[in-house]
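The structure appears below as structure tokens.
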Amino acid sequence: MATLSEKPMVIGAVNVSSTEVKCPGCGASIGLKYDPETLNMTCPFCGLVSQLPNPGSAPAVQELDFNTALQRASVNWGNIKKMIVCANCGGQTIFDAEQVTGACPFCGSTSVTPAAENSQIMAPQAVIPFGIAKEQTQLCFENFINSSHVASRKVYGCKLENVLGIYLPFWTYDTLVVSDYFAHTMETKYTPSVSFRGVLNKFYDDLVIYGSDKIRHPHISKVQEFDFQRMVPYTPKYLAGIPAERYTVGLNDGWERAKEQIRAKTKRILNRKFFMKAAIDAINYSFYNVKFRYVLAPIYLATFKCGRKTYPVAINGQTGKAYCKFPTFLGKLVVIPLIVILLSLLVFFIAVIVPEIR
């Protein structure tokens, strides 16, 4: 099994379908929309409803060897696309060429311009279809709030606003990691410190890296757990009427970030293993049989208002998992006892100290 160096030269990518999104009935390609509840694509002109493959029955999406990528790269998204870039947040979003948009889907800014063409941008290998309809996002949000048990009473009853469904880019990496570590035991009153060496073998499956370096939303990482068994081979039909973000973190950069996660996970494993018994001095990592996928995954971005403040919300479009920050009553639990203590001290001062002074 061939090893992969710490700084690999990537020479490969992805093959994808080149099927255009057209109505099989009348041939229209404008206004077609994918419905996550029924897995149907509906034509607004002739009314024909096309059934798309169920994610559970679709053929498996093959992982590609990291070292054989670029020579098989595909940049064909299957139909004509246009790309816009936001002057406010830098977000780059891909739309159907016919789709009209006047605002950035991330920050709402209308300062958007066509992005420069890049013929080397890879098309995705797979898509995780939306499984949650837009109308269900309010329930997902309420379930998350109800599960917290610390939300302020005024949060209940808040409604989601500016709900946007979008496909975001993710890289997934598989690799066997062999970690050769050097450590020493802790010196005690009765035993001297002893140096030793060990090896930790661990296989990482579907290590997820968000494929954008534009941090426009703070909670995407909290909801990016997907069921990769239910993804389907890429076809532009799933993107009908739904925008998709273009990746800005490339395959190599994504792998570097994946390695950072692997190193951090390895150190935590070893620290737990030798807790209070030994200290790790150095770790050498070897990566074997590295494979990857480029996947578009569904996320809903939204906001809600509570008082005068607006809070961002992220919801997993496949599982319905939601995350956001919100006001809690914990502050009152601290403030009220503090007020009671201060009042008690004031009463004590008035009742005891003041008479003695007199």
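Test Lys267 against the stated conditions and say whether it is part of a strand (DSSP E or B), modelled with pLDDT of 90 or more and either of a type in the set (Lys, Arg) or not assigned by TED's automatic domain parsing to the domain that holds Ile209 (or both).
On the way: part of a strand (DSSP E or B): no; modelled with pLDDT of 90 or more: yes; either of a type in the set (Lys, Arg) or not assigned by TED's automatic domain parsing to the domain that holds Ile209 (or both): yes.
When the stated conditions are applied, Lys267 does not pass them.
If I filter region 161-183 for residues that are among the small types (Gly, Ala, Ser) and either under 30 Å from Asn88 (Cα atoms) or under 17 Å from the mean Cα position of the chain (by Cα) (or both), do I get at least one hit?
Looking only at region 161-183, we keep the residues that are among the small types (Gly, Ala, Ser), and these are 165, 179, 183.
If we keep only those that are either under 30 Å from Asn88 (Cα atoms) or under 17 Å from the mean Cα position of the chain (by Cα) (or both) too, we end up with 165.
The answer is yes; a qualifying residue exists.
Evaluate the following for Ile357: is it modelled with pLDDT under 90 and out of contact with any Cys (no Cβ under 8 Å at 6 or more places or on another chain)?
Values: modelled with pLDDT under 90: yes; out of contact with any Cys (no Cβ under 8 Å at 6 or more places or on another chain): yes.
In short, yes.
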Residues that are in a strand (DSSP E or B) and surrounded by 12 or more Cβ atoms within 10 Å (Cβ to Cβ): does region 211-224 have at least one? no
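Among the residues of region 187-203, count how many are surrounded by 13 or more Cβ atoms within 10 Å (Cβ to Cβ) and either in contact (Cβ under 8 Å) with a residue 60 or more places away in the chain or in a loop (DSSP other than H, G, I, E, B) (or both). Before the answer, list the steps.
Quick first cut of region 187-203, residues surrounded by 13 or more Cβ atoms within 10 Å (Cβ to Cβ) only: 198, 200, 202.
Those left that are additionally either in contact (Cβ under 8 Å) with a residue 60 or more places away in the chain or in a loop (DSSP other than H, G, I, E, B) (or both): 200, 202.
Total meeting the criteria: 2.
Listed here are the residues, each with its yes/no results for (1) surrounded by 15 or more Cβ atoms within 10 Å (Cβ to Cβ); (2) assigned by TED's automatic domain parsing to the domain that holds Ile94; (3) within 19 Å of Thr93 (Cβ to Cβ); (4) modelled with pLDDT of 95 or more.
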| site | (1), (2), (3), (4) |
| --- | --- |
| Pro236 | yes, yes, yes, no |
| Pro243 | yes, yes, yes, no |
| Arg246 | yes, yes, yes, no |
| Ile262 | yes, yes, no, yes |
| Phe275 | no, yes, no, no |
| Val290 | yes, yes, no, no |
| Arg293 | yes, yes, no, no |
| Leu301 | yes, yes, yes, no |
| Gly307 | no, yes, no, no |
Name the residue, out of Leu251, Leu164, Leu176, that is buried (at least 20 other Cβ atoms within 10 Å of the Cβ) and assigned by TED's automatic domain parsing to the domain that holds Gly320. Leu251
Tell me whether region 228-246 contains one or more residues that are farther than 25 Å from Met83 by Cα and out of contact with any Asp or Glu (no Cβ under 7 Å at 6 or more places or on another chain). yes
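The values are calculated or read from the model by the stated rules, or taken from the named source; none is laboratory data. This is a predicted model, so every value here is computed, not measured. Quick reminder, even Gly has a Cβ in these numbers, built from the backbone with ideal geometry, and neighbours come from all protein chains shown.
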